[in-house]
Amino acid sequence: VLGVRTFDVEERSISIKPYIKGRNSARGTVSTIAGNVFVSWRCENGQFTIHIKSEDGVRKVIYLPNGEAYESTLNEITLSCAM
């Protein structure tokens, strides 16, 4: 449901692609090779919002439901898109 997967072990990279079908929200922490990753997402009023926290230096590729992809090494990030 949270969609967290290890992308590249050596680079401490993960991908995040939430599975939203039939759900309005989800939140939790996933243990990865790059450390613990907290993900919280919700769909509300036609808007999808995702909030992610990870350890410093973790490369994240985040896929939004509208098809856009973002890459970030920030330890905390929030993204939104229209549904």
Does region 3-15 include one or more residues that are out of contact with any Ser or Thr (no Cβ under 8 Å at 6 or more places or on another chain), of a type outside the set (S, T, N, Q), modelled with pLDDT under 95 and in a strand (DSSP E or B)?
yes
May I ask you to list pairs of residues, at least six apart or on different chains, whose Cβ atoms are under 6 Å apart, with the first in region 1-25 being touching a residue at least 60 places away in the same chain (Cβ under 8 Å) and the second being in a loop (DSSP other than H, G, I, E, B) and surrounded by 13 or more Cβ atoms within 10 Å (Cβ to Cβ)?
G3/K17; G3/P18
Return the pair list, or none, for Cβ contacts closer than 9 Å from residues in region 54-83 that are touching a residue at least 60 places away in the same chain (Cβ under 8 Å) to residues that are in a strand (DSSP E or B) and open to solvent by less than 70 Å² (accessible area, probe 1.4 Å), at least 6 apart or on different chains.
Y63/S15; Y63/I16; Y63/A69
State the number of residues belonging to region 22-34 that are loosely packed, with under 15 Cβ neighbours inside 10 Å and at pLDDT 90 or above.
7
In region 53-75, is there at least one residue being at pLDDT below 95, surrounded by 17 or more Cβ atoms within 10 Å (Cβ to Cβ) and of a type in the set (V, I, T)?
yes
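The values are calculated or read from the model by the stated rules, or taken from the named source; none is laboratory data. Every value quoted in this text rests on a predicted model; they were computed, and no experiment measured them. Cβ coordinates were reconstructed from backbone atoms using ideal geometry, including for glycine residues, and neighbour counts include every protein chain displayed. Accessible surface is based on the protein model in full, side chains and every heavy atom, while ligands, DNA and RNA are left aside. Shrake-Rupley method; radii C 1.70, N 1.55, O 1.52, S 1.80 Å.
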